[in-house]
Amino acid sequence: MGLIDTTGNVVIKPTYEYIYNKEKLKNLYEVGNTVNKKFKRGYIDRKGNIRIPLEYDDIFHLDKNLIRVSKNNKTGVVDTLNKIILPLKFDFIMDHGAIIYAQSNNIVDIFDFSGKQLTNYKAKDIDYFTDDRSIVTLQNNDTFIINNEGKSILDPIKNHRFEKVIDSDS
């Protein structure tokens, strides 16, 4: 597959098995080819220059020009210039709001979009943020509340669990 413009001129030569453009990424295209009998993905720009090498088993556009990449069952995050934001060492990564949630060996931590680690609690779970607050559940099931900078703002209460952060508009 390749791309042509509205006048029929070839923009990107048809050298890929797969090509797709996400509207948010404007002039970047996700592409894929079979390499050594395995389908690999990457990104190219509109001129056909490789921006993210076709070496990943899976890629997924997160937000703020960040791309989740996976290779050999490990996941990381790069930006659209292929700068590593989070290394390929996590089991699972997702984003929500302005936070990246990364899980490895059943431990969840959160990071900002620059890759700065915000928590290091060895948490079993970290909820989505509501009004810049989130519930952290530790391996022993204790819960406490953090702010969106990862700082504890309400410590665990013996024999109690936090279940939900209520939106201030409620």
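Express in % the proportion of alpha carbon pairs of region 1-94 at distances exceeding 15 Å.
Numbers: 2528 of 4371 pairs.
In whole percent, the share of Cα-Cα pairs in region 1-94 beyond 15 Å is 58.
Under the convention that each Lys and Arg Cβ holds +1 and each Asp and Glu Cβ holds -1, the size of the dipole of region 91-130 around its Cα centre is about 120 debye.
Given a 10 angstrom Cα cut-off, can you work out which residue in LEU154, LEU54, LEU62 is the most mobile in a GNM of the chain? Highest fluctuation of the listed residues: LEU154.
Entry note, the chain: relative contact order of 8 percent, from Cα contacts under 8 Å with a spacing of 6+ residues. Going by accessible surface with a 1.4 Å probe and the largest first, PHE92, PHE111, PHE129 read PHE92, PHE129, PHE111. Ordering THR143, THR7, THR130 by accessible surface, largest first, gives THR7, THR130, THR143; the 1.4 Å probe counts only protein heavy atoms, with every chain in place. Per 10 Å bin, what is the whole-percent P(r) computed from every C-alpha pair distance within region 90-170? It works out to 19, 54, 25, 2, in whole percents. Under the combined filter of DSSP loop state and at most 16 neighbouring Cβ atoms within 10 Å, region 35-115 retains these trypsin sites (Lys or Arg not before Pro): LYS37, ARG46, LYS47, LYS64, LYS83.
For the pair ILE153 and VAL35, label points projected 7 Å from Cα toward Cβ lie 4.4 nm apart. Average 1/r across all pairs of distinct alpha carbons in region 31-78, invert it, and you get the Kirkwood radius: 11.0 Å. Comparing Cα centroids, region 16-59 and region 92-155 end up 31 angstrom apart.
Roughly how many percent of the accessible protein surface of region 1-90 is carbon and sulfur, given a 1.4 Å probe and a whole-percent answer? Carbon and sulfur together cover 49 percent of it. Listed by chain and number, the aspartates and glutamates placed with their C-alpha closer than 20 angstrom to that of LYS124 are ASP91, ASP95, ASP109, ASP112, ASP132, ASP142, GLU149, ASP155, GLU163; residues fewer than eight positions away on the same chain are left out. Over the chain, accessible surface divided per residue gives 62 Å², non-protein components excluded, 1.4 Å probe.
If the segment from VAL10 to ASP142 were pulled out straight at 0.36 nm per residue, it would be longer than the present Cα-Cα gap by 41.6 nm.
Rounded, prolate or oblate: which one fits region 54-114, using the alpha carbon gyration tensor with axes a ≥ b ≥ c (rounded when a/c is under 1.5, else prolate when a/b beats b/c, else oblate)? Here region 54-114 falls in the oblate category.
How big is D for the chain, in µm² s⁻¹ as a whole number, if Stokes-Einstein is applied with the Kirkwood radius of its Cα pairs at 20 °C and 1.002 mPa s? D = 119 µm²/s. Relative to the Cα centre, the charge distribution of region 39-153, modelled as +1 at Lys and Arg Cβ and -1 at Asp and Glu Cβ, gives a dipole magnitude of about 560 debye.
The values are calculated or read from the model by the stated rules, or taken from the named source; none is laboratory data. Because the structure is predicted, anything quoted here is derived from the model rather than measured. Note: ideal-geometry Cβ built from the backbone for every residue, glycine included; neighbour counts use all protein chains shown. We work out accessible area using only protein heavy atoms, side chains counted, and drop any ligands, DNA or RNA first. Shrake-Rupley method; radii C 1.70, N 1.55, O 1.52, S 1.80 Å.
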